[in-house]
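Right, one structure below, let's go through it.
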Amino acid sequence: MAKIGNIDVGDFPLLLAPMEDVSDPPFRALCKEQGADVVYTEFISSEGLIRDAAKSTMKLDIYEKERPVGIQIFGANLESMLQSVEIVEKSNPDIIDINFGCPVKKVVSKGAGAGILKDIDLMVSLTEAMVKHTKLPVTVKTRLGWDKDSIKIMEVAERLQDVGCQALAIHGRTRVQMYKGDADWAPIAEVKNNSRIHIPIFGNGDVNSPEKAMEMRDKFGLDGAMIGRASIGYPWFFREVKHYFKTGEHLPPPTMLERLDAARRHLQMAIDWKGEKLGVFETRRHYTNYFKGIPHFKEYRMKMVTSDDAKDVFAAFDEVERDFSGYQFA
Ligand SMILES: Cc1cc2nc3c(=O)[nH]c(=O)nc-3n(C[C@H](O)[C@H](O)[C@H](O)COP(=O)(O)O)c2cc1C
């Protein structure tokens, strides 16, 4: 049974990865319904938070129904990170997660995200200060190292655990790899097998089938799988993995009616959360995946992604239901 601080997250939990512009409250709620055991917000800039930038503070919104939920923050400045902890606590999350893995230039160039992999002392001291500044469990998400010649994840894991980090999610790539090549889970398993390590070690990177999730559990012996891209527009991934764990069999893909139900609720939750204009706009990116692979669908998709009024998008969903409700997904 894995525990993050005092939070019981079950046997081999499936965690929804933090993903910028994807892991917002409506999407997290859908993933939770489909079996995600822990969900994370997208990364939030500590500098943005302390400036009270509206875009950053909106990212702090969480729904009761998605708990346990972690709010992820990034930054490299001690004072800003500590102030952010205080701001984040007001949203009452279950976990505060620190992003020490983002490879994007504009983050790394400020020494934040994966940039901090070049300064492990700073990574450890920031984490220690944050742990001391809050009663909430503090967790870290990071990568194997800066590049293949500086894989220091074992040292990082031991030192973070020693200063009170309560769980570690490790993406099996270096910063230099960005998203290229295959994620390497072997160094993550080495961390897990270190007898000094007692906090949960979650694996991340390329879990894109139930078989892969099972391999992460049984062959690599990790404590849970953090899932990113496989869930985008496909929150059913979580239930498919859980069903496979339980029965050894694959669930059939979601039906058209299930997909429509998700799309309708996703749009409605987004509108309730951020208003019609933004809700309509920001939910568009999910439809391509919800309705992937249907022949002669362009006209319907165009209506979904070009209409500015929610009622037109809902009308497009109704047309899909009328014309495709019996469609069998492969
Ligand atoms: C669109 C997108 C946005 C992401 N944003 C974040 C983020 O905000 N914070 C973070 O720690 N990782 C972020 N990541 C990285 C993912 O959390 C995850 O580590 C990576 O995608 C590998 O896992 P996967 O193979 O299951 O997708 C992002 C990835 C994608 C594809």
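If you take the beta carbon distance between residue 268 and residue 218 as r and set R0 to 51 Å, what does 1/(1 + (r/R0)^6) give as a FRET efficiency, to the nearest 0.05? That pair, residue 268 with residue 218, gives E of 0.85. Here each label is just a point 7 Å from Cα along the line to Cβ, and for residue 306 and residue 104 those points are 2.9 nm apart. To the nearest 0.05, what FRET efficiency results for residue 179 and residue 298 with a Förster distance of 30 Å applied to their C-beta separation? Given R0 = 30 Å and the Cβ-Cβ separation, E is 0.60. Farthest toward the positive end of the dipole of segment 256-324, out of 275, 286, 310, is the Cα of 286, where the dipole comes from beta carbon charges about the Cα centre. With all protein chains kept in place, the per residue accessible area of the chain amounts to 44 square angstrom at a probe of 1.4 angstrom.
Label zone (residue 245, point 7 Å along Cα-to-C-beta; backbone nitrogen cut-off 16 Å) within segment 193-225: 200-205, 207-225.
Above 31 Å lies some portion of the pair distances; for the chain, what is it as a whole percent of all C-alpha pairs?
On the way: 17623 of 54285 pairs.
The answer is 32 percent, as a whole percent.
Sorting 255, 142 by accessible area puts them as 255, 142; the probe is 1.4 Å, largest comes first, and only protein heavy atoms count. Stretching the chain fully between residue 193 and residue 121 yields a gain of 23.6 nm (0.36 nm per residue, less the alpha carbon separation).
Put the Cα centre of segment 45-91 next to the Cα centre of segment 197-261 and the gap is 28 Å.
Considering only protein heavy atoms and a probe of 1.4 Å, how much of the accessible area of the chain is carbon and sulfur, as a whole percent?
Details: 7370 of 14500 Å².
The nonpolar share, carbon plus sulfur, comes to 51 percent.
Could you give the size of the charge dipole of the chain about its Cα centre, using +1 on the Cβ of each K and R and -1 on the Cβ of each D and E, expressed in debye and rounded to the nearest 20?
On the way: 45 positive and 49 negative charges, 90 e Å.
I would put it at about 440 debye.
222 nm [θ] for the chain, helices only, -39500 (n - 2.57) per DSSP H run of 4+, per residue, to 500? Could the numbers behind the result be given before it?
Details: 14 runs with 145 residues, N = 330.
Using -39500 (n - 2.57) per qualifying helix, the result is -13000 deg cm²/dmol.
Summing charges over neighbours of residue 93, with a neighbour being any other residue whose Cβ is under 11 Å away from its Cβ, gives -3 when K and R count +1 and D and E count -1.
In this simple spin-label model, placing a label point 7 Å from the Cα along the Cα-to-Cβ direction at both residue 278 and residue 147 gives a separation of 4.0 nm. Please check: in the Gaussian network model of the chain (C-alpha springs, under 10 Å), which one of 27, 291, 74 has the largest mean-square fluctuation. Looking only at 27, 291, 74, the largest GNM fluctuation is found for 291.
Counting only DSSP beta bridges with both residues in the chain, the antiparallel share comes to about 10 percent.
If you run the Gaussian network model on the chain, springs between alpha carbon atoms under 10 Å, then out of 140, 320, 207 the most flexible one is 320. Based on C-alpha pairs under 8 angstrom that are at least 6 apart in sequence, segment 2-247 has a relative contact order of 18 percent.
The values are calculated or read from the model by the stated rules, or taken from the named source; none is laboratory data. Just so we're clear, the structure is a prediction, and the values are computed from it rather than from any experiment. Methodologically, a virtual Cβ is constructed for each residue, glycine included, from the backbone with ideal geometry; neighbour enumeration extends over all protein chains shown. When the accessible area is computed, the model is the full protein with side chains, heavy atoms only, and any ligands, DNA or RNA have been set aside. Shrake-Rupley method; radii C 1.70, N 1.55, O 1.52, S 1.80 Å.
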